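The values are calculated or read from the model by the stated rules, or taken from the named source; none is laboratory data. This structure is a prediction, so every number in the text was calculated from the model and none was measured. Reconstructed Cβ throughout: ideal geometry from the backbone, glycine too, with neighbour counts over all protein chains shown.
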Amino acid sequence: MPMNDPATLPATLPDLEQVLRPDKARATPPAFAALDLGTNNCRLLVGAPVGDGFRVLDSFSRVVRLGEGLQHNDMLSDAGMDRAVEALQVCVQRLARRPVRALRAIATEACRRAGNGAEFLARVRTETGLPIKVIGTREEAELTLESCASLLRGGGRRALLFDIGGGSTELAWVRLSGVHAAPELAGYVSLPIGVVTLAERFGAGAYTADGFAAMVDGVEASLRRFAALHCIGQELRQGGVALVGTSGTATTLASVSLNLQRYSRPAVDGAVLSRWRICANSAPSGWRSIPASGRNAPPSSCPAAPSSPPSSASARRRRSSSPTAACAKACCCG
């Protein structure tokens, strides 16, 4: 489809200054919006506070592959930027449906890393009016923790949060001090490894036994320093460690594990995954039925299942008392 197809986009976009009207929004139930422009996806979430959480009023997600080719030349491609701008124009249209009290729009690894990232965001501001800010890796980890905080107050000593994105993977090592204490960020790391970068690095070889093993070895090597620094292996052996995966890759794994034909937020939210279950359901008949854009599950050369069931991990759509934090590196619309 050509960019800015008149069948899908109006001749002019709404003026964001008219859409974002705090005075007008106060006359109706408050709505807050957050936009996350990642390496692979563009996501929008609009929500209203309800009790300790929020109710989703609208959501939008599109695979834009903004970081396509970034690994090779550290620049955003023209095609990737065009796809992202088109998706952002749709987001502006969605924002115009109701008064919004506040909007936060962020960009992550692709725009952090690209030599033309700032130029691209200036173009976005001109063509859509969206004021997108690039956030750093620490803030990304803090938003991950804030979004998952309510899920971590059920006991345990530690938690390892992981968010596998398109261009990077964020890990947060969290200290838990009881049901009534806020989780504490003990350490974090952002690795330049994501579904887009791995796909470009390994290509079709990732779907062979040797290629998949090489991919796993490379990722494992990248994790060693962080794991050693925080004695994560020892902590896991002692028990009381929660593993929580967030965002699209984790929820795609959950969908494959549950044999879902279509993505279902209620089914995926809070799903507990075991290695047994993932391996059993990511065989060719399972993962090949998922559209190519959503195949973030392991290929059929899944490592052999262990002799006893290992620790499980929960894959959750993040919920928070802050809708902005919940979407700003949190919402995972499938």
Inset, instruction - Would you confirm whether any residue within the stretch 162-172 is assigned by TED's automatic domain parsing to the domain that holds residue 249, within 27 Å of residue 52 (Cβ to Cβ), loosely packed, with under 15 Cβ neighbours inside 10 Å and of a type in the set (D, E, K, R)? - result: no
Inset, instruction - Restricting attention to strands (runs of 3 or more DSSP E) lying wholly within the stretch 29-79, give those where 1 or more residues are touching an Asp or Glu at 6+ places or on another chain (Cβ under 9 Å) and not small (Gly, Ala, Ser). - result: 41-50, 53-63
Inset, instruction - Would you check if residue 177 is more than 17 Å from the chain's Cα centre (by Cα) and in a helix (DSSP H, G or I)? - result: no
Inset, instruction - Looking only at the stretch 225-236, decide whether some residue is β-branched (Val, Ile, Thr), surrounded by 14 or more Cβ atoms within 10 Å (Cβ to Cβ) and under 25 Å from residue 108 (Cα atoms). - result: no
Legend entry - Selection count, the stretch 102-131, where residues are of a type outside the set (S, T, N, Q) and over 17 Å from the mean Cα position of the chain (by Cα): 18
Legend entry - Within the stretch 225-256, considering residues that are closer than 21 Å to residue 178 by Cα and of a type in the set (D, E, K, R), the one farthest from the chain's Cα centre (by Cα): 237
Legend entry - residue 185 vs. criteria assigned to a strand (DSSP E or B) and of a type in the set (A, V, I, L, M, F, W, C): yes
Inset, instruction - Report yes if residue 115 is closer than 30 Å to residue 239 by Cα, outside any helix (DSSP H, G or I) and touching a Leu at 6+ places or on another chain (Cβ under 9 Å), otherwise no. - result: no
Inset, instruction - Output the residues belonging to the stretch 120-141 that are of a type outside the set (Lys, Arg) and out of contact with any helix residue (DSSP H, G or I) (no Cβ under 9 Å at 6 or more places or on another chain). - result: 122, 126, 139, 141
Inset, instruction - Output the number of the condition that residue 197 fails; it satisfies all remaining conditions of (1) surrounded by 13 or more Cβ atoms within 10 Å (Cβ to Cβ); (2) within 24 Å of residue 135 (Cβ to Cβ); (3) over 21 Å from the mean Cα position of the chain (by Cα). - result: (3)
Legend entry - Total residues in the stretch 230-266, condition farther than 22 Å from residue 63 by Cα and among the aliphatic types (A, V, I, L, M): 7
Inset, instruction - State the number of residues belonging to the stretch 61-76 that are small (Gly, Ala, Ser) and in contact with a Ser or Thr (Cβ under 9 Å, 6 or more places away or on another chain). - result: 2
